[in-house]
1. Could you please find all residues in segment B:117-156 being over 20 Å from B:Leu37 (Cβ atoms), touching a Gly at 6+ places or on another chain (Cβ under 8 Å) and either modelled with pLDDT under 95 or of a type in the set (Ser, Thr, Tyr) (or both)?
2. Could you count how many residues in segment B:409-441 are of a type outside the set (D, E, K, R), on the phi < 0 side of the Ramachandran plot and touching a residue at least 40 places away in the same chain (Cβ under 8 Å)?
3. Consider B:Thr446 carefully, then state whether it is within 14 Å of chain A (Cβ to nearest Cβ), more than 21 Å from B:Gly284 (Cα to Cα) and either modelled with pLDDT of 95 or more or assigned to a loop (DSSP other than H, G, I, E, B) (or both).
4. Scan segment B:540-551 and give yes if some residue there is of a type in the set (Lys, Arg), in contact (Cβ under 8 Å) with a residue 24 or more places away in the chain, assigned to a helix (DSSP H, G or I) and outside the structural domain of B:Ser595 (by TED's automatic domain parsing), otherwise no.
5. Which of the numbered conditions does B:Leu156 fail, given that it passes all the others? Conditions: (1) away from every other protein chain (no Cβ under 13 Å); (2) surrounded by fewer than 19 Cβ atoms within 10 Å (Cβ to Cβ).
6. Which one of the conditions (1) within 14 Å of chain A (Cβ to nearest Cβ); (2) within 23 Å of A:Leu63 (Cα to Cα); (3) part of a loop (DSSP other than H, G, I, E, B) does B:Thr452 fail to meet, given that it meets all the rest?
7. Can you go through B:Glu66, B:Glu61, B:Glu30 and tell me which one is outside the structural domain of B:Ile594 (by TED's automatic domain parsing), out of contact with any Phe, Trp or Tyr (no Cβ under 7 Å at 6 or more places or on another chain), charged (D, E, K, R) and farther than 30 Å from B:Asn129 by Cβ?
8. Can you tell me how many residues in segment A:282-325 are away from chain B (no Cβ under 14 Å) and either under 27 Å from A:Val272 (Cβ atoms) or surrounded by 21 or more Cβ atoms within 10 Å (Cβ to Cβ) (or both)?
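The values are calculated or read from the model by the stated rules, or taken from the named source; none is laboratory data. Please read all numbers here as calculations on a predicted model, not as lab measurements. Using ideal geometry, Cβ is built from the backbone for each residue, glycine included, and neighbour counts are taken over all protein chains shown.
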Amino acid sequence: MTYLAKPKLRHPTLTANKVGYTRRDYEGRISTLCAGCGHDSISAAIIQACWELDIEPHRVAKLSGIGCSSKTPDYFLGASHGFNTVHGRMPSVLTGANLANRDLLYLGVSGDGDSASIGLGQFANAMRRGVRMCYIVENNGVYGLTKGQFSATADRGSKSKKGVVNRDNPVDLVGLALQLGATYVARSFSGDKAQLVPLIKGAIDHGGAAFIDIISPCVTFNNHSGSTKSYDYVRQHNEAVSRIDFMPVHSEITVDYPAGEVTEVQQHDGSVLHLRKLREDYDPTDRYAALSYMNAHHARGEIVTGLLYLDQVAADLHQSLNTSDTPLFALQEADLCPGKKALDKVNASLR
Amino acid sequence: MNRIKSIEAVNDFVIKFANVNGSGSASANELFAKAILRMGVPVSPRNIFPSNIQGMPTWYEVRVSEKGYLGRRGGVDIMVAMNPQTWDADLAEIQPGGYLFYDSTRPIPESQFRKDIEVIGVPLTEISNAAYTDARQRQLFKNIIYVGALSVLLDLDAAVFEKLFAEQYRGKEVLLDSNVRALHMGRDFVKEHLQAPLGIRVQRADNVGDQIFVDGNSAAALGCLYGGATFAAWYPITPSSSLPEAFQKYCDKFRVEEGSGKNKFAIVQAEDELASIGMVVGAGWNGARAFTATSGPGISLMQEFIGLAYFAEIPVTIIDVQRGGPSTGMPTRTQQSDLLVCAYASHGDTKHVLLFPEDPHECFEFAAAALDLADHLQTPVFMMSDLDIGMNQRLCKPFEWDDERRYDRGKVMTAADLEAGKDFGRYKDVDGDGIPWRTLPGTHPTLGSYFTRGTTRDAYARYSERGPDYIYNMERLLKKFKTAADMVPQPIVNKAARATKLGVLYYGSTSPAMQEALDALTVQGANLDAMRVRAFPFSEAVRKFIEEHDKVFVVEQNRDAQMHALLVNELEIDPAQLIKILHYDGTPITERFISEGIKLHLEAADVQS
């Protein structure tokens, strides 16, 4: 059985957010992933982030490709429309959907096989175009549904559960996103909810292409010693550069931060990210410094997590294409059809 | 030199220009064709060009026909041989008694000519070099000089050219004057040194009427604009690239918001055809009218997404401007060889709606219709154009639009419908036509959301691997396909002058050559009823037409008789009843090919028509 309805019980103590929804309203169906799967923690973080952001669930469109991670949009935001597209091609579908209706928030969920192997081209081009979206890769370095083959993000030398050693170099999606012009780039770990929730909130609220690579251990096929994407390995090698807290527009700042440790970064719409830098030598507004910092640490076997890069004045594809403020899907005959008179003129010019 | 009688023909001949690609001949040749049109005589020009930017042979064949036959006839009456590379083959193509026009600047030995044609030499290079010093000007104006020379030989009015130049170079007086001067250099030489007009010539007539002269790709682009497309994604591929480019041009003209200056459209040149169809699927899912334009290899790449759109029931419009395949095949030559790959595109059991326009007028009409059909049927709809229609200017009926016309957006449930408690089963057949209702993302805070997927689901869009749920879905999709048969453009029948048990069935760009062939066959005593199929799935009228005839010729431009295959497969017709007439050398089919093919068969079978 791969489909289970979740009982809709409301606990009286559940608190409603500003738009009147409780956390349960952001849930989806019961997950059919393996118990302990990192992906379920990410779904929980997405639910938490959307609830905290006071987003009406139906204003989100959630899109995915194919794979374990791509199944997850069924497990959160049940009141949102979702689209489980084809393997590796979610970015193009999301791009088209976004251009058709600019008023929705777009959440793209993908995996390492989906985005780094079969869909690398679409991943790259969506980043290049600056499609406004929160693009999450649930990265476990392995193909789960087909029982444990390496994906393109598996580190060279890492061992599969069957003992096979990966001989190919890994694709680093964060590095690619930085090079290709993504304007919000982060890496996190599914087991680090405190870091993950604000990162997702910042990404959803970002005005351009936001990308989060989330290391998400596969408990069944990639959680053994010799894997570089297991819970133990990531916990031991996690090099967090920052902790952020997210403040939406107009919300009161209630948390007090010690001066000198916190940098305020404002996004396009006025929302504020409070960036608590853990490493003094780290500058999240310098794309190329971010790349070299990350690469240097990767060479030492460390996984750098946190908000790695942010362009505060990000532009998106709608700006590049100068599209109407009215979503394209909502335009009617009067807006779209020049009519008979204009056509007669066209005819006259063709004689 | 000529020992047989030269061809005599007024307003009925074929002239072919043999040029070198990139030499600037295209605009001179188009000017020549337009001048004849302006004299009230129908013409149909065809570019025959290589997959190359500069230096390879290219031809421009113009059919001049007062009767209005716009197909290729076959044979050449006058060859304008401007390319030494192809001299021998070009000469061989001229009909006995025909004419050869060439640049006589350099002497050519007599052995290089044919004795059964009339040869007209004009020292084009010499004239041009004497008048211009700049190499580029020498080349470009040489083209206008030959047009000038031909205008006298074929008795075309200088005033018509002057008017065309005046329209083209409005506000650019320097260019206007120099073009007029070059034209007259050619005219003056012929008047002084040669006998004119020739036995073939043009005479003013009044047979063009209000028809327009336009290429199918521009027409389809305009049809998409009128039909309400707001989104296009594409990847460059010959012969379709000029379609999205024309869409951009028309959008810039008609779709910019007053005041804000913002665009009521979005066009993305994608990274490949997989992405272009993916974007169109995404836009269709979100309720925008969206299309992509491509050719055969692009269709191959789109297969997986087409299957998803079919099964997830998402409106998608695909314009396939067909070229020769398989693989990259003949990228700059025409064919009708993508019928099967489109009709049954993708893995699993699939069937798709195809429309077959005959000319630019129908490209406009069917492009707009495809957007309506895609929304109504919630499925991919293909418009099957080809290079012959798409990239050649063709004389056709003017575009029409009824201002009362409303877009058919199909069955979309609104927030009010959901509030009113209407039962929403995304994949449920509530109306008996196989077409379910859909909701657009963002419609209602708590009602009507669903998860779209390519995997099996029940009528309420819930994941299911149960056999009965799968079968319900697949049967409903089949019912929807049957519904489509009555909604698509219906076939057009042209009855023979007297009752006959012979029929001919054709579609798309074969149309003009077929019309001429039917007349030619009638004159020769062969009567055939003709049906032009305009869409797939076939309506009952197609089955009836075949049943009412003993033999039906199926004329098409591919090797494997793909329409024939669809007829046999979908209508369970006895293949023995259908006779294949197949043309697939990459050039557009000709009247002579069709007439001779049918005649040969009739003679062999000794069939009385």
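1. Within segment B:117-156, B:Gln139, B:Leu140 qualify.
2. 6
3. For B:Thr446, the condition - within 14 Å of chain A (Cβ to nearest Cβ), more than 21 Å from B:Gly284 (Cα to Cα) and either modelled with pLDDT of 95 or more or assigned to a loop (DSSP other than H, G, I, E, B) (or both) - is met.
4. no
5. Going through the list (1) away from every other protein chain (no Cβ under 13 Å); (2) surrounded by fewer than 19 Cβ atoms within 10 Å (Cβ to Cβ), B:Leu156 breaks only (2).
6. Single failed check for B:Thr452: (3).
7. Of B:Glu66, B:Glu61, B:Glu30, the one residue that is outside the structural domain of B:Ile594 (by TED's automatic domain parsing), out of contact with any Phe, Trp or Tyr (no Cβ under 7 Å at 6 or more places or on another chain), charged (D, E, K, R) and farther than 30 Å from B:Asn129 by Cβ is B:Glu66.
8. 25
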